[in-house]
Amino acid sequence: MTIITKNEAAHIADAIASVAWADEVVVVDSESSDGTVAIARRYTDRVIVRAWPGYVAQKNYAASIARHDWILSLDADERVTPALAEEITSRLAGTPEHAAYRMPRVTWHLGRWVRTTDWYPDDQLRLYDRRTAEWTGRYVHEAVTVRGTVGRLRAELEHFAFRDIADHLETIDRYTTYAAQQMHESGRHANALQLAFHPPLAFLRNYILRGGVRDGAVGFVISVLNSYYVFLKFAKLWEIDKVHGSRFTVHGSGSGSGTAKLER
């Protein structure tokens, strides 16, 4: 199994502990400054430090140096539950029916597991045969592209995405910059109607259609922040078009942790 990291000292030990049953654990670190590497080396001798080339390239590199063809890709802020571990080992004990497998991911935020809004079931394709699959994408929402069929596991992958609302807002700011740049390079544009209507529609979908109301204040806060993600993404796209133009570029260092499914 593989994990990519950048300054994940608070998470890496628990992440590796959750996959202690794996044949090997490969950690590829992007020059952390907080002790991530030293902690990881207490649990595995497969720790490699290399410069950050982007999410897709780093995850594909980690898979390429693994000793086995079947890869479980884990983010440092995720945990494999015993039930999920049992399901994975059972599927790989014989000849797997599919070339890759998705699994539902549940996020812990504001004191509870969130199984509503756009955040759930948040299926993640993380178990795959590297001979027929690889990571693809650009700045955000990287994904595994599979040449073959994809199955689905039932047990959940646990996600500890944010420390608090402040951390959540920092993540939104970072990822909306990447999302806006990606949309800009794909030829998309933003206007006042999108800024006015997409965010409230996103809130209604999260809070009403996808059950955020059932989570009370927590569901309301997450629904508002998900709609804010949509607003900020389109606002930054508008800014690129109207202010920066072709001079706009994305800056920032990488991180091993993925985010919850904020919004697309």
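The values are calculated or read from the model by the stated rules, or taken from the named source; none is laboratory data. These numbers come from a predicted model, not from an experiment. For neighbour counting, all protein chains shown are included, and Cβ atoms are generated from backbone atoms with ideal geometry for every residue, glycine included. Side chains included, ligands, DNA and RNA excluded: accessible areas come from the protein's heavy atoms. Shrake-Rupley method; radii C 1.70, N 1.55, O 1.52, S 1.80 Å.
Below, the figures for the structure above:
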{"read-out": "Region 19-55: number of residues that are of a type in the set (A, V, I, L, M) and surrounded by 17 or more Cβ atoms within 10 Å (Cβ to Cβ)", "value": "10"}
{"read-out": "In region 184-203, the residues that are open to solvent by 20 Å² or more (accessible area, probe 1.4 Å) and part of a helix (DSSP H, G or I)", "value": "His184, Glu185, Ala192, Leu193, Gln194, Leu195, Ala196, Phe197, His198, Pro200, Leu201, Phe203"}
{"read-out": "Checking Ala66 against (1) hydrophobic (A, V, I, L, M, F, W, C); (2) touching a strand residue (DSSP E or B) at 6+ places or on another chain (Cβ under 6 Å); (3) within 25 Å of Phe160 (Cα to Cα); (4) not in a helix (DSSP H, G or I), the condition it does not meet", "value": "(3)"}
{"read-out": "Total residues in region 66-114, condition in contact (Cβ under 8 Å) with a residue 60 or more places away in the chain, of a type outside the set (Ser, Thr, Tyr) and more than 27 Å from Asn7 (Cα to Cα)", "value": "6"}
{"read-out": "Some residue of region 31-46 being more than 29 Å from Glu86 (Cβ to Cβ) and in contact (Cβ under 8 Å) with a residue 60 or more places away in the chain", "value": "no"}
{"read-out": "Condition check for His109: surrounded by 16 or more Cβ atoms within 10 Å (Cβ to Cβ) and more than 20 Å from Ser227 (Cβ to Cβ)", "value": "no"}
{"read-out": "Residues satisfying the stated conditions in region 22-63, i.e. hydroxyl-bearing (Ser, Thr, Tyr), touching a Ser or Thr at 6+ places or on another chain (Cβ under 7 Å) and not in a loop (DSSP other than H, G, I, E, B)", "value": "Thr36"}
{"read-out": "Within region 8-18, considering residues that are surrounded by fewer than 21 Cβ atoms within 10 Å (Cβ to Cβ) and of a type outside the set (D, E, K, R), the one nearest to Ala57 (Cα to Cα)", "value": "Ala9"}
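So that you can scan it fast, the table gives a plain yes or no per residue for (1) touching a residue at least 60 places away in the same chain (Cβ under 8 Å); (2) small (Gly, Ala, Ser); (3) over 21 Å from His109 (Cα atoms):
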{"residue": "His198", "(1), (2), (3)": "no, no, yes"}
{"residue": "Ala202", "(1), (2), (3)": "yes, yes, no"}
{"residue": "Gly211", "(1), (2), (3)": "yes, yes, no"}
{"residue": "Phe220", "(1), (2), (3)": "no, no, no"}
{"residue": "Val224", "(1), (2), (3)": "no, no, no"}
{"residue": "Phe231", "(1), (2), (3)": "no, no, yes"}
{"residue": "Glu239", "(1), (2), (3)": "no, no, yes"}
